[in-house]
Amino acid sequence: MITKPKGMYDLLDIDAKLYQYIQNTITTYMENYNYDFIRTPIMESSELFHRTVGEETDLVTKETYDFVDRGNRNMTLRPEGTAGVVRSLIENKLYGNHNETIKYYYLGTMYRYERPQLGRNRELTQFGVEVFNSDDFMSDVEVISLGANVLKDLGIENFTIHINSLGDKESRDNYTKALKNYLKPNIDKLCPDCQARFNKNPLRILDCKVDKNSDILKNVPKINDYLNEESKFRFNKITEMLTMLDIDYELDFNLVRGLDYYDYTVWEYLTDEEGLALGGGGRYNGLVKSLGGPDMPAIGFGIGIDRVILELKKKLEGHELKKNIDAYIMCVNEEEKIHALKIAQDLRLNNIMTEVNSNNLSFKSQFKVADNLNAKFIIILNSEDLAKGLINVKDNATKEEMKIDENELTDWIMGNI
Ligand code: HAM
């Protein structure tokens, strides 16, 4: 038997239903918030991720699916969505006349060669938003609260926004100096990766999965103490505004995020029990320019849909997601089948959720299927009544049966569901 690739899974049953529910909720949300949908390729040149996510990040050094295509190009399956959207913004000049805020959202699969475990897959789906051309605190607040509001609306309550500021370059340089001074005497006690990061990109040491809980990392200097006035002012404005909008958050001065492109605000939506990141994001004001685009501020987040599904399933435990269709059509012989198809098409074209017996089930089995589907009405075709232009309809709740003129059936059902 050929099996699925390790760390990947088929979206089935309740997971598939929840996925569709999430997708629908997101689509409505994004319309209300005035975001445009964007889809970028599932693979990009490897260089794109090296230059955006960062050469020294775990994501690029250990987790990408890299390959050489038949034209000898170095390609990478996208491990995240921001890089592709920024590439597209520049390549397609989506920034237009630079006057407006540009807002995109996406929903798609990403690929990370990680050690699979609950909530950590090699194929994952992210819902992400990317907002360009606004450096105002209003965009930070809109994007942070949007993520929280979507999660809450989906039915997830047990999470907290952890938020921090990485400040501007000056603040980060000052902090990096302090961090290196602090780590220097103990660097040989950290893992070989961290020792390599010490000179190349010391901030990455803070999200090392190996040393994360060591005393050395627990007591590192806090970036908040190194923010300059401007960076501090911005951050305070954002947190004040979040409070005014009744969006709860927790200051988390150790939060640096695992990707290199961030500056100023960074945040994560963490579950309260396991501290699992349902999503995370941040501002990345320097990225568009560094990839050859205009000097354009940006901010965004990615939410892991697989993890959202896990959380929703916990809430549903013990409850079944039942189907609830409007009408089930029973038929047996050739003549009834022809009528069944016609009626089904007519009902479906009028937005009536309809199923029809299409596998020659016995009369008894058809009733069972109608029950399993929670059909509100059962349409029981029989040749005798059809000859008179009549259709038997049974209300499956009251068990009441009636005969309806075939020409009036759709209107009747529409008026009674
Ligand atoms: P990220 O924190 O790397 O950020 O990923 C965002 C979310 O994707 C995570 O919080 C998590 O829920 C989910 N996720 C990541 N890896 C896995 C995995 N192996 N299995 C299941 N879920 C996973 C980004 O990707 C940034 N592009 C977010 C962003 C957008 N920042 C600015 N704009």
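Just so it is clear, none of the values below were taken in a lab; they were calculated from the coordinates. These numbers were taken from a predicted model, which means no experiment stands behind them. Cβ sites come from the backbone with ideal geometry, for glycine too, and all protein chains shown count toward neighbours.
Overview of results
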{"read-out": "Ordering of 146-156, 69-79, 274-284 by packing [mean C-beta count within 10 Å, highest first]", "value": "274-284, 146-156, 69-79"}
{"read-out": "At R0 = 35 Å, FRET efficiency that the Cβ-Cβ distance of residue 289 and residue 25 yields, to 0.05", "value": "0.50"}
{"read-out": "Set of lysines with alpha-carbon distance to residue 222 below 23 Å, sequence-local pairs under 8 removed", "value": "169, 177, 180, 184, 189, 200, 209, 212, 232, 237"}
{"read-out": "Zero-based 10 Å bins, Cα pair distances in the stretch 345-413, whole percents", "value": "19, 53, 28, 0"}
{"read-out": "Gaussian network model of the chain, Cα within-10 Å springs - most flexible of 341, 310, 124", "value": "341"}
{"read-out": "Gain on full stretching of the segment that runs from residue 47 to residue 61 - 0.36 nm per residue minus C-alpha separation", "value": "3.8 nm"}
{"read-out": "Contour excess over end-to-end distance, with Cα ends at residue 3 and residue 220 and 0.36 nm allotted per residue", "value": "73.6 nm"}
{"read-out": "The chain, relative contact order [Cα under 8 Å, separation at least 6], %", "value": "15 percent"}
{"read-out": "Protection proxy ranking, peptides 342-353, 294-305, average beta carbon neighbours within 10 Å, highest first", "value": "294-305, 342-353"}
{"read-out": "Note, ³J(HN,Hα) from phi for the stretch 80-91, Karplus 6.51, -1.76, 1.60, rounded to Hz, x at Gly and Pro", "value": "7, x, 4, 4, x, 5, 5, 4, 5, 4, 6, 4"}
{"read-out": "Rounded to whole Hz, the Karplus (6.51, -1.76, 1.60) HN-Hα couplings of the stretch 408-417, x for glycine and proline", "value": "9, 4, 4, 4, 4, 5, 4, x, 10, 8"}
{"read-out": "Within the stretch 367-409, backbone nitrogen closer than 11 Å to the virtual label 7 Å beyond the Cα of residue 322 toward Cβ", "value": "371-376, 397"}
{"read-out": "Peptide ranges 316-328, 217-229 listed from the most packed, as the mean C-beta count within 10 angstrom indicates", "value": "217-229, 316-328"}
{"read-out": "Nearest-ten-degree value, helix 229-244 long axis tilted from longest Cα axis of the chain", "value": "30 degrees"}
{"read-out": "FRET efficiency for residue 176 and residue 251, using Cβ-Cβ distance with R0 set to 22 Å, rounded to 0.05", "value": "0.60"}
{"read-out": "Listed residues 16, 288, 133: farthest to the positive end of the dipole of the chain (Cβ charges)", "value": "288"}
{"read-out": "Neighbour cut-off at most 13 other Cβ (10 Å), DSSP loop, chymotrypsin sites (Phe, Trp or Tyr not before Pro), the stretch 1-59", "value": "9"}
{"read-out": "Nearest-0.05 FRET efficiency for residue 117 and residue 360, computed from C-beta distance (R0 45 Å)", "value": "0.50"}
{"read-out": "Near-label residues of the stretch 309-337 by backbone N, under 12 Å of a point 7 Å along Cα→Cβ of residue 368", "value": "none"}
{"read-out": "Between 0 and 90°, nearest 10: helix 13-32 axis offset from the chain longest Cα axis", "value": "70 degrees"}
{"read-out": "Principal axis dimensions, largest first and in whole angstrom, of the chain by Cα", "value": "92, 51, 46"}
